[in-house]
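See below for the structure under consideration.
Every read-out reported here was derived from the displayed coordinates using simple, explicitly stated rules and does not represent laboratory data. Computed from a predicted model, the values in this text were never measured in an experiment. All Cβ positions, glycine included, derive from the backbone under ideal geometry; neighbour counts span all protein chains shown.
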């Protein structure tokens, strides 16, 4: 306490307190006094500024944490939706494959039916042509036999009008039965 009294005594003898602005002459005591005065007078001002800044920083950190939590929640929801989309895509692929199989089987069945119908038509056409050819050959053979018989009859019977008419009628009758 004695040194504190000495400070006031020195101040009173030197005509009061003054601030030495010469940088080279100022001592540690002046700097300490200046810092002390600044701390004493600026304590409330700096304290309130620092407290306000602290509040703003804490609020910003809390907001950032809230946004992080919200973003994580959205991420989890998006991942769930992505997984659901993958499930739906796989279901669609499976349905597409089964639909393709059904369509291919239906197309194959229709193709078989179409081929069967075409084959049956071709076979019927072939059989019809075969019958026509057979009938033509049969007709030609019969005509040849009748001509031969007519020639022999002409030779044997010598032309008689009645026999000739009879043979002609028989030929026409047989020809009509063939058709």
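Sorting 138-150, 68-80 by their mean Cβ neighbour count within 10 Å, with the most densely packed peptide first, gives 138-150, 68-80. From the alpha carbon centroid of region 117-144 to that of region 73-114 is 54 Å.
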